[in-house]
Each structure stands twice: as structure tokens, then as C-alpha cells.
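S.K.: Please find one structure pasted underneath; my questions will follow.
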Amino acid sequence: MRICVVSDMHYPYQMLDERDKENAELVLSFLTEARRNYDMLVLNGDIFDLWFDWKYTIIKQYFPLLHRLAAIQDEGCQLVMISGNHDFWFNDFFQKYLPIPIYDENYNLIADGKKILFTHGDLHPEYDVRYKLFRRLIRFGGIKKIFSWFHPDFSLAMAARLTRSSRMKNFMQPKKTVGLKKYAKYIITKEKYDYVCMGHSHQPEIQEIENGKYINTGDWTRHHTYVEIIDGMVEIRQYKIKEIGK
């Protein structure tokens, strides 16, 4: 089976500078080239810098990305999406118009004899109690409802300040990434998984843990990395530059 995993693309709905534009162009170019290359594409959180679909409205700036996801799906590639800490306010768009299953916390799979867990990772950094409390609050249904009451232009203008700040600060401190690896170790040793594939830290890495591997896909704001799991073998690739790890 040919599996591709990406996370932390942070595709913006506001292109505030040349870096945003360049990163967005790389994302679209990669997805165009990926159309016929994989059996499954796992979107492991923070693909969008913010997601919200109102009753009659979606964010039109995402059309190029959505179009490419639809084209990949039309080629017979299975798409799976896991919520991140930027894209979690999903309503019915992906159910009715671009049928991609969405998993709130994790997705597991057995392929080519490998038991694999995919999760974004934002639940597992250490020493980040403040974020965990904020995460519970912002995912509360009442907050989502209030957000939907405002005109999209106003809501997105306010949200842009928060999402850009979060995205640029999200090169995680080493003491916080330790939590991701501790969680991976637990899943590998106690739940007997072979691979635990995460994002969130923006640090591409493959690390052997006991009889399994902790895998982090990195990001598309700086590294432009993705993971391939081909016939059970895993490696990190850097788009249009070079292979950086196995």
C-alpha cells in the first residue's frame, strides 16, 4: 500500500506576505503531483490555517486546495482527515460535498503488516496545561455557535490575528515535544503499534522506540516535509529538495 501523510500545511486564507504565497504555491504544487502516486492520503491536522463552514458559506480562498483534494480523490486515492488545533470546527461540508471522513483525535490502520496510529499530537505536549484548557473551551459547542452568528468577514478578520500568531510560534520547545514521544512510546509498548505518526511540533523526525517508530511529518511553513509509508517502509521526504530521513 502506498500511503502519504502530511500535516501542518497551515494553508492561509489571507496571504499576508511573500512567505505565505510561496508556501501556499508549494502546497498546491505538491498536491497536484501527488494525484496518481498514492492509495491513501492522510491529512494529519492543521491542513487549513482555520476551518469553518457556515450554513451557506465556505472560505473561498481555500478553493484551490479543495479542488486538488477532490482531484486526488477522483483518481481513486482514499483521503482521511484528522482534526488539528487550527482546523477542528467542521460542520457538514466534508460530509455532503467533498466526502472525506474526519476523525477528531486519531485514526488507526493496519497496512502491509504494520499497525499504525495517526494523530495530530496537540493533546500530548508536556507542561502545556494552559493550551489543554483552551482546547477544551474552544471546542465547546457554544463557542462554535457564537462564532457562526457573526458575519464571516468579521469572524475571519479576528481569527486571522490568532491563527497567524499561533502558526509562527508553533516551533515547539524541546521540553514540550518530549510529551509527543512519551505518548508514542506508550502506544507502541502498551498498545503494540508499529508506527505512531504525529504532527504539531513542526519538527520532522523518525525515532526508533522499542519495536516501533515515532514519526513526525514536520510542516509546510518551514520544512515542506511529508511522510511516505510504502509497502510498510517509512521515510520522510522534503518536497523538491532532498530526502532528509529514513
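S.K.: Could you tell me the relative contact order of the chain? Use alpha-carbon pairs under 8 Å, at least six residues apart, and round to a whole percent.
M.R.: 23 percent
S.K.: Hey, what number do you get for the chain at 222 nm if only DSSP H runs of n ≥ 4 count, each worth -39500 (n - 2.57), divided across all residues, to the nearest 500?
M.R.: Value at 222 nm, helices only: -11000 deg cm²/dmol.
S.K.: Order by neighbour count: 183, 56, fewest other Cβ atoms within 10 Å first, most last.
M.R.: Placing the least packed residue first, the sequence is 56, 183.
S.K.: Classify segment 43-143 from the C-alpha gyration tensor, please: rounded if a/c falls under 1.5, else prolate or oblate depending on whether a/b exceeds b/c.
M.R.: Oblate shape, in that a/c is at least 1.5 and b/c is the bigger or equal ratio.
S.K.: Okay, moving on. Place +1 on the Cβ of every Lys and Arg and -1 on the Cβ of every Asp and Glu in segment 2-245, take the dipole about the Cα centre, and give the residue among 97, 73, 125 whose Cα lies farthest towards its positive end.
M.R.: Result: 125.
S.K.: Taking θ as phi - 60°, what are the ³J(HN,Hα) couplings along segment 85-96 by the Karplus curve (6.51, -1.76, 1.60), each to the nearest whole Hz, with x for Gly and Pro?
M.R.: 8, 10, 10, 9, 8, 8, 10, 10, 4, 6, 7, 9
S.K.: Using alpha carbons only, how many degrees (0 to 90, rounded to 10) separate the axis of helix 18-33 from the longest principal axis of the chain?
M.R.: Here the helix axis deviates by roughly 60 degrees.
S.K.: I would also like to ask the following. Just the number: Rg to Rh for segment 2-245, Cα atoms, Kirkwood Rh, two decimals.
M.R.: Computed over Cα atoms, the ratio is 0.94.
S.K.: In debye, nearest 20, what is the charge dipole magnitude of segment 2-245 about its Cα centre with +1 on Lys and Arg Cβ and -1 on Asp and Glu Cβ, if you could check?
M.R.: Using Cβ point charges on Lys, Arg, Asp and Glu, segment 2-245 gives about 800 debye.
S.K.: OK, next. Answer rounded, prolate or oblate for segment 71-124, using the Cα gyration tensor with square roots of eigenvalues a ≥ b ≥ c: rounded when a/c is under 1.5, else prolate when a/b is larger than b/c, else oblate.
M.R.: Judged from the Cα gyration tensor, segment 71-124 comes out oblate (a/c at least 1.5, b/c at or above a/b).
S.K.: Could you sort out which of 55/144; 55/145; 21/213; 96/144 sit more than 22 Å apart by Cα distance in this structure?
M.R.: Beyond 22 Å: 21/213.
S.K.: Taking the Cα centre of segment 1-84 as origin and charging only Cβ (+1 Lys, Arg; -1 Asp, Glu), how large is the dipole, in debye to the nearest 20?
M.R.: In total the dipole reaches around 280 debye.
S.K.: Sticking with this structure for a sec: If you restrict to DSSP beta bridges whose two residues both lie in the chain, what percentage is antiparallel, to the nearest 5?
M.R.: 55 percent
S.K.: Near the amide H of residue 91, under 5 Å away, which other amide H atoms are found, from residues 5 or more places off or on another chain, if H is placed in the peptide plane?
M.R.: Under 5 Å from the amide H of residue 91 lie the amide H atoms of 53, each far enough along the sequence or on another chain.
S.K.: Looking at the square roots a ≥ b ≥ c of the eigenvalues of the Cα gyration tensor of segment 172-241, which shape do they give, rounded for a/c under 1.5, prolate if a/b is larger than b/c, or oblate?
M.R.: oblate
S.K.: Follow-up question, since we're still on this one. Any idea which of 211, 40, 184 is furthest toward the positive side of the dipole for the chain, if Lys and Arg beta-carbons carry +1 and Asp and Glu beta-carbons -1?
M.R.: In the chain, that residue is 184.
Every number in this text was worked out from the coordinates using simple rules, so none of it is lab data. Keep in mind that what you see is a predicted model, and the values were worked out from it rather than measured. Glycine also receives a Cβ, built like all others from the backbone with ideal geometry; neighbour counts cover every protein chain displayed.
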